[in-house]
Every structure is written in structure tokens, then in C-alpha cells.
Amino acid sequence: MSEGGREATQNRLHVALVLLCAWLILSSPWIAMLRRMPSSAGFLDYAHVVVGALALMLALPYAMACMRGGRWRNLFPWLVGDVRPLARDVAGLLRGRLPSAEGGGLFAVIEGLLLATLLFVAITGAGWWFVQGSSDALAWREVHIVGARVLIGLIVAHVVAVATHLFELA
């Protein structure tokens, strides 16, 4: 597949994951699952499980596409000990300068953490499904919920970062 084809596929996966995450987050207050899928489960409960499973299936190839060809170093520069771009962007932010969208700085780190958290939330949701009814189900549920809350915060940070980048281009 050509580079343009790969990028188009990655963009489609991104849009699909945005829509799936939006559904999961916006419908989550009405989910009634604790230790197991309740016998009185409704549409939203079943939809959450199905949409969550679909998000997991799409998040895996999306993560692989985002990190292909060494691009993981841009999203997780601190894993290889390179914190200079992040420190530069944070220092600039404290001086009132917007971080750059390039170079593995703050915006890239936010994207990397968002990607990792998306995978974490999807995996812990699947983990809850597989242990439902057991004594471990509530622990999996709690970790899943905490991860989802972190995901929401990172989504907000990502949207702010994208918006500031758009202002930078204008």
C-alpha cells in the first residue's frame, strides 16, 4: 500500500475512533453494569459492549499505524530519554508561547498518552467482560472507569492542542 493509502486508512480509523469514543462517553452515564451484565440490560448496555469491542478492534491497528516506521519515538520521546522537546514546550508555555505541533514536544506527548489511554480503556473494558460475574469484575470496572476519565481529560487536551495549532496556521 502506498504512503497516501496508509495515511487515508489511518485518517478513516481516526474518524471512526472519534465517533465510537464519543458514543461510549456520551452514553456511559446510562450504563447499568456492575459485576456483570444485568438481566435487565437495555439497548445502551449492549450497545456499550458492542461499540467498545469495535473500538478495541479499531484501536489496535490505529495504534500500529501511528507508531509505524519509528513514529512511536515522536509520541513517546520520554521512553528513549528525550525530554528536551517536552521541556522546551512547557517552558515556552510558561512564558506565554504556544507549543509547536512538530518535534515530539507537548502536543505529541499528549497524542501518545491519549493513544496509550485509549488502548488501556479498551483493554480494561474487555477485561471486565471476560471476568464479569467474578470477584475481580468490580476491580476491572473501577480501573476501566478511572481510565475512561483520564481518556476524557486527554481528549480535551488534544482538542485544545489541535485548536491552538489551527490558530497557529491561520
Gaussian network model of the chain, Cα springs within a sub-10 Å range: biggest mean-square fluctuation belongs to which of Val90, Val80, Val146?
-> Val80
Given Ala139, Gly125, Pro61, which one lies farthest toward the positive end of the charge dipole of the stretch 3-169, if we put +1 on the Cβ of every Lys and Arg and -1 on the Cβ of every Asp and Glu?
-> Ala139
Return one number: the angle in degrees, 0 to 90 and rounded to the nearest 10, between the long axis of the Cα atoms of helix 3-27 and the longest principal axis of the Cα atoms of the chain.
-> 50
Sum of side-chain charges, Asp82 neighbourhood, beta-carbon under 12 Å (Lys, Arg +1; Asp, Glu -1) = +3
When the Cα centres of the stretch 57-73 and the stretch 119-141 are compared, how far apart do they sit, in Å?
-> 24
Only Lys, Arg, Asp and Glu count, each charged at its Cβ (+1, +1, -1, -1), so figure out the dipole size of the chain about its Cα centre, rounded to 20 debye.
-> 140
Calculate, in nm to one decimal, what Phe130 and Met64 gain on full extension: separation in residues at 0.36 nm each, minus their alpha carbon distance.
-> 21.3 nm
Work out how far the C-alpha atoms of the stretch 1-50 reach from end to end along every principal axis, then list the three figures in whole Å, largest first.
-> 48, 18, 16
Could you put Glu102, Glu111 in order, starting from the residue whose Cβ has the fewest other Cβ atoms within 10 Å?
-> Glu102, Glu111
Relative contact order [Cα under 8 Å, 6+ residues apart], the chain, whole percent = 22
Eigenvalues of the alpha-carbon gyration tensor of the stretch 25-111, times 5 and square-rooted, give semi-axes in Å, largest first, of 38, 17, 10
Listed residues Leu114, Leu93, Leu138, most fluctuating in the chain (Gaussian network, C-alpha, under 10 Å) = Leu93
Under 15 Å, Cβ to Cβ, from Ala91 - net charge with Lys/Arg +1 and Asp/Glu -1 | +3
Using 1/(1 + (r/R0)^6) with R0 = 45 angstrom and r between the beta carbons of Leu94 and Ala8, what's the FRET efficiency to the nearest 0.05?
-> 0.75
With +1 on each Lys and Arg Cβ and -1 on each Asp and Glu Cβ, how big is the dipole of the stretch 10-100 about its Cα centre, in debye rounded to the nearest 20?
-> 360
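Each reported figure results from applying straightforward, stated rules to the coordinates on display, with no laboratory input. Everything quoted here is computed from the prediction, not taken from an experiment. So basically every Cβ, Gly included, is an ideal-geometry build from the backbone, and we count neighbours across all protein chains shown.
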